[in-house]
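The values are calculated or read from the model by the stated rules, or taken from the named source; none is laboratory data. Since we're looking at a predicted model, the values are computed, not measured. Don't worry about glycine lacking a Cβ; one is built from the backbone with ideal geometry, like all the others, and counts go over all protein chains shown.
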Amino acid sequence: MVTTIVVIVIVVVLLALWLMSAYNRLVRLKNQVHNAWAQIDVQLQRRYDLIPNLIECVKEYMQYEKGTLEAVVEARSEAMKAREKVEDGANLGDLMQAEVKLKGALGNIFALAENYPDLKASDNMRNLQEELTSTENKVAFSRQAYNDNVLLYNTEQQQFPTMLVAGMYGHKPADLYEVDEEKVRKAVKVEF
Amino acid sequence: MRGSEAVRGSFWEAQRLARRRTSLYLTLFIILTAAMAVLIEVILWLASGKLEFPWAGIAFLVVTFAVASFQYLRFRSGGGSAVAEGLGGRRVEVGSYVHRLVEEMAIAASLPMPAVYVLDNSEINAFAAGMSPERSAIAVTRGATEKLTRDELQGVIAHELGHIANADTRLNLRLAAMVMGFFFVFFIGIRMTEIGMWSGGGRRGQTQSLVLIAFAFMIAGAITWFLGAALRSSVSRQREYLADASAVQYTRYPEGIANALRKISLDQTRDMPKRGLAFAHMYFSHRSIWGKLFATHPPLEKRIARIEGRELSPPNQDQS
């Protein structure tokens, strides 16, 4: 009798400990995904902030390229709108598309800038170009970090025995932030 | 991306392998500590022929952990910046080449931005210091910034951030503190044996059992000190492999760090600060003077082979 009770108590305690550790692990991973997303957000915002400066800078030189400039402004507001809709690892699809479009449009400006030696030589333009390149790198790395964290989070949820309780704790797989490599490569090529 | 297909994704596997081996060595470390407490009791039992309450074994554990805790607390004070400045590091400005590389890699590693320093040495080297990501610092030598390409330096920086992300400084200092505790036990053992030998006569029985305990301490201290130091180095080497694999994860470009290691193996300059040798475990590369058993870093060729996935089992494709 006593042995049975002891065994039951031990089993219950072990189970509770395991439930706790699984819960904590999932929360930690989810927070990492959340933080990684916040980091992408910071970098995207930085880029959105730089674009008006860029437009301002090239406007006086590129009077005959209104279409190109408008395309960038439009792509920017579209991307910003798509970003609003994103919640931690869901609804990423629109943003991914909008970002590809924005990247392409920005690439066109830098390609056209090649035709304006005065513009290319200006300090302002050089600084902006450097800032944007650096921000572009950071966007790419933050996206990679986000995907790494999503991979760890999703893998944990799929693994036995955590999979038995992941749903119960309200965890679901997060979306990867993937970019159409081909399209982006085309956009990057003309860029810098 | 830029990495060759075979290598992509295998860094997850490499990380798992290094973590598993770390756990193995840490388990051995714990077993070693417990086994020595038992050994002391066995020695006393064999010598006196009677089983008593294991005071000596408990004393061994208490002394070891007390000394280790004291050492650890001493190590802990001062953040990474204090270490970097102690070695003559100069803080780099925001927006400079090195700072920008660290920024990018900190983002890739999901870490807060560490303090960034450049050491005025022409050897190619780097280190990370600090007990927590928030108080960490990273330093590279002037030689590293001049002799390495952007991709290579990025790999080196990613490796150091890997140490921060994997909490290697903390692990290493804990083990170092434990080894110090073992040494202290050994030291007490020697001193007490000496004192016991000199002060023969008097209350013979008591002195004899005291000498016996001292002798047991000396033996157990010597064994744990030696094996503990060897295990600590084994852990350190695994953490280097782990940081290399983390660097590949952050850069997604194994060639960067692999080529940096190749350049280091060809570079003859050796001018890292001597007093920095106490921190050798956290240098990017370090040639051991004590031979393989106590080396804090694996041989460069082995690290390069691992990074390029030449020693690992076929990479786990579905992880990439």
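Per-structure values
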| read-out | value |
| --- | --- |
| Residue in the stretch B:134-171 that is modelled with the lowest pLDDT, counting only those that are of a type outside the set (A, V, I, L, M, F, W, C), within 17 Å of the chain's Cα centre (by Cα) and closer than 20 Å to residue B:90 by Cα | B:136 |
| Lone qualifier among B:207, B:224, B:193 - being in contact with a Gly (Cβ under 9 Å, 6 or more places away or on another chain), in a helix (DSSP H, G or I) and touching a residue at least 24 places away in the same chain (Cβ under 8 Å) | B:224 |
| In the stretch B:35-58, the residues that are more than 14 Å from residue B:223 (Cβ to Cβ), of a type in the set (A, V, I, L, M, F, W, C) and free of Cβ contacts under 8 Å to residues at least 40 places away in the same chain | B:45, B:46, B:51, B:53, B:55, B:58 |
| So residue A:115, is it surrounded by fewer than 14 Cβ atoms within 10 Å (Cβ to Cβ), within 14 Å of another protein chain (Cβ to nearest Cβ), more than 21 Å from the chain's Cα centre (by Cα) and without any contact (Cβ under 8 Å) to a residue 24 or more places away in the chain | no |
| Answer from A:44, A:29 - the residue that is within 14 Å of chain B (Cβ to nearest Cβ) and within 15 Å of the chain's Cα centre (by Cα) | A:44 |
| Residue in the stretch B:55-63 that is within 30 Å of residue B:121 (Cβ to Cβ) and aromatic (Phe, Trp, Tyr) present | no |
| Close pairs (9 angstrom Cβ cut-off, 6 or more residues apart or separate chains): within 17 Å of residue A:154 (Cβ to Cβ) and among the charged types (D, E, K, R) in the stretch A:89-101, crowded, with 19+ Cβ neighbours inside 10 Å and modelled with pLDDT of 80 or more anywhere | none |
| Which listed residue is in a helix (DSSP H, G or I), in contact (Cβ under 8 Å) with a residue 40 or more places away in the chain and surrounded by fewer than 24 Cβ atoms within 10 Å (Cβ to Cβ), from B:160, B:104 | B:104 |
| Counted residues, the stretch B:207-241 - those being under 30 Å from residue B:307 (Cα atoms) and of a type in the set (A, V, I, L, M, F, W, C) | 5 |
| Residue satisfying all of: in the stretch A:132-173; more than 10 Å from chain B (Cβ to nearest Cβ) and charged (D, E, K, R); nearest to residue A:24 (Cα to Cα) among these | A:156 |
| Selection count where residues are within 13 Å of another protein chain (Cβ to nearest Cβ) and out of contact with any strand residue (DSSP E or B) (no Cβ under 8 Å at 6 or more places or on another chain), scope the stretch B:93-149 | 18 |
| Any pair with Cβ under 6 angstrom, 6 or more apart, that starts in the stretch B:235-260 at a residue that is away from chain A (no Cβ under 13 Å) and without any contact (Cβ under 8 Å) to a residue 24 or more places away in the chain and ends at one that is buried (at least 24 other Cβ atoms within 10 Å of the Cβ) and in a helix (DSSP H, G or I) | none |
| Residue match in the stretch B:72-80 (condition: polar (S, T, N, Q) and assigned to a helix (DSSP H, G or I)) | no |
| Scan of the stretch B:107-137 for residues that are part of a strand (DSSP E or B) and under 26 Å from residue B:171 (Cβ atoms), ordered by number | B:115, B:116, B:117, B:119, B:126, B:127, B:128, B:129, B:137 |
| Hits in the stretch B:81-99 - residues which are in a loop (DSSP other than H, G, I, E, B) and touching an Asp or Glu at 6+ places or on another chain (Cβ under 7 Å) | B:88 |
